[in-house]
Amino acid sequence: MVSVSLPNDYSKGTGKGIFKDCRYLENVDLGARDVEAEAFMNCSSLKRVPRMLVVGERAFMGCAALEEVVQRGYSVPEMAFKNCSNLRSFSFDPTPYHPENETVGKEAFYGCTSLAEITIHREVVSIDIRAFYGCSSLKSVYFSSITPPSLGTDAFAGTHPDLKFYVPAPLVGIYKSAWPDLADRIVVAE
């Protein structure tokens with residue numbers, strides 16, 4: 001088992017591509033540091049990452065063993081978790097955060113075939129092109145924002161045929177109006 005832990009007095013982010021292609025890396029402890037572009041790309045043995053802020057594109061792309069992620073912010077950069085086929089759990093950390101124009105980026109979860117459900121934080125204003133493309137196990141997406149996020153082309157293409165979007169009862173009509181092509185999949189959250 002290979003692990004990485006940065007010292008407490010190390011105040012910078014990870015740096016672009018710092019651990020890229022480290023196929024034996026299984027554990028990381030970076031504190032609350034930012035994860036920059038391609039930092040852990042293709043680290044095929046990495047299973048879990050602690051609460052961190054993923055700010056860089058392709059940060060964990062190709063981490064096939066990755067199972068669980070807690071994102072400190074409410075945005076998910078482009079291709080951040082693309083082809084993380086074992087990703088089962090993704091959540092946004094509930095600690096106070098001051099978001100601005102939060103997004104789920106282009107192909108952020110593309111090919112995450114084990115992801116069965118996700119809650120989109122209410123601060124997310126857009127879900128970009130092919131964000132969840134090929135997430136064949138994705139059956140439940142939860143929303144609570146009063147304003148539905150804008151959806152890019154094929155944002156939810158290739159997901160489970162029984163995919164449902166769960167929203168609070170007073171918002172069902174708003175979401176159905178905003179997403180007419182997905183209206184039959186929008187249901188009341190229980």
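The values are calculated or read from the model by the stated rules, or taken from the named source; none is laboratory data. Here the structure is a predicted model, which means the values were calculated and not measured. Using ideal geometry, Cβ is built from the backbone for each residue, glycine included, and neighbour counts are taken over all protein chains shown. Surface accessibility is based on the protein's heavy atoms, side chains included, excluding ligands, DNA and RNA. Shrake-Rupley method; radii C 1.70, N 1.55, O 1.52, S 1.80 Å.
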Residue 130 in contact (Cβ under 8 Å) with a residue 12 or more places away in the chain, closer than 23 Å to residue 71 by Cβ and open to solvent by 20 Å² or more (accessible area, probe 1.4 Å): yes
Residue within segment 88-104 that is outside any loop (DSSP other than H, G, I, E, B), of a type outside the set (S, T, N, Q) and open to solvent by 60 Å² or more (accessible area, probe 1.4 Å) present: no
Residue 183 being free of Cβ contacts under 8 Å to residues at least 40 places away in the same chain, over 24 Å from residue 41 (Cα atoms) and of a type in the set (A, V, I, L, M): yes
Test for residue 187: is it out of contact with any Gly (no Cβ under 8 Å at 6 or more places or on another chain), under 24 Å from residue 82 (Cα atoms), outside any helix (DSSP H, G or I) and not basic (Lys, Arg): no
Those residues of segment 141-173 which are under 13 Å from residue 119 (Cα atoms), open to solvent by 20 Å² or more (accessible area, probe 1.4 Å) and either within 15 Å of the chain's Cα centre (by Cα) or among the small types (Gly, Ala, Ser) (or both), in sequence order: 142, 144
